[in-house]
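Below is one structure, written out as structure tokens; the observations come after it.
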Amino acid sequence: MSQNLLFLQAFLQQELFMTTDPKHLKRMKAIKEKQDQKIAAADQERGVTILLAGPGKGKSSSSFGMLARSLGHGHKVAVVQFLKGAMSTGEEMFFSQQDNVDWYAMGDGFTWETQNKEQDIASAKRAWAKAEALLADDRYQLVILDEITYMFKFNYLELQPTLDALKNRPEKMNVILTGRGPKQELIDAVDTYSHILDEKHAFKAGVKAQPGIEW
């Protein structure tokens with residue numbers, strides 16, 4: 001059977017399928033019209049702020065997925081980690097080796113590990129000084145502030161300077177913030193907010209944390 005005949009056969013089968021289910025075709029056309037209207041209405045071209053928060057696993061992982069996506073488009077990106085830094089993580093070991101990535105792991109570990117409030121506050125302030133400079137630098141298309149919500153939750157940092165920096169950042173810059181317990185003012189300020197829930201976790205069943213999954 002020739003290639004042209006195979007193409008014609010496939011085309012006729014597709015046409016037959018579409019015409020044998022007119023209700024489905026009508027529904028799909030209606031959905032497409034609504035989607036096209038939404039796409040046409042989204043006419044702003046600017047960077048967005050994204051908050052990934054909640055008790056569930058996957059907040060940082062999601063942000064690093066967008067980091068990889070941004071790198072795929074040749075963007076310059078930066079990451080500031082506010083709690084992590086006491087131990088190396090898989091994402092740091094991988095992404096810090098890539099071109100166009102500036103990685104700053106500036107934490108001393110989780111607060112229940114350090115047990116030193118003054119040290120935690122000092123680390124938070126150093127990390128914020130770096131983050132604030134990055135948020136004003138128009139060379140970056142994406143800045144990730146990993147675990148920053150804890151800094152406001154524990155009152156290690158004031159929230160207002162972060163809100164101001166987000167508002168005054170370069171127009172095309174995207175910013176992702178992660179962590180638990182975000183303050184309502186931060187939720188109100190961002191463009192996109194995803195609340196990630198903890199429905200089930202292997203750790204609660206006694207499974208050890210492991211490299212490649214937890215760090």
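Things to note:
- Tally of residues being touching a helix residue (DSSP H, G or I) at 6+ places or on another chain (Cβ under 8 Å) and closer than 17 Å to Glu147 by Cα across the range 190-213: 4
- Counted residues, the range 140-180 - those being assigned to a loop (DSSP other than H, G, I, E, B), within 16 Å of the chain's Cα centre (by Cα), more than 17 Å from Arg46 (Cβ to Cβ) and not aliphatic (A, V, I, L, M): 2
- Counted residues, the range 185-215 - those being charged (D, E, K, R) and part of a loop (DSSP other than H, G, I, E, B): 6
- Of all residue pairs spaced 6 or more apart or on separate chains, those with beta-carbon atoms under 9 Å, a first member in the range 185-203 that is in contact (Cβ under 8 Å) with a residue 12 or more places away in the chain and a second member that is among the basic types (Lys, Arg) and surrounded by 14 or more Cβ atoms within 10 Å (Cβ to Cβ) are Ser194/Lys59; Ile196/Lys57; Ile196/Lys59; Asp198/Lys57; His201/Lys57.
- Test: residue in the range 92-101 that is part of a helix (DSSP H, G or I), closer than 23 Å to Ser194 by Cβ and aliphatic (A, V, I, L, M): no
- Condition met for Leu25 (surrounded by 11 or more Cβ atoms within 10 Å (Cβ to Cβ) and modelled with pLDDT of 95 or more): no
- Residue that is nearest to His201 (Cα to Cα), among those in the range 33-67 that are in a helix (DSSP H, G or I) and in contact with a Phe, Trp or Tyr (Cβ under 8 Å, 6 or more places away or on another chain): Phe64
- Within the range 155-180, the set of residues being at positive phi and buried (at least 21 other Cβ atoms within 10 Å of the Cβ) comprises just one member, Gly179.
The values are calculated or read from the model by the stated rules, or taken from the named source; none is laboratory data. A quick note: this is a predicted structure, and the numbers were derived from the prediction, not measured. Every residue, glycine among them, receives a Cβ derived from its backbone with ideal geometry; neighbour counts consider all protein chains shown.
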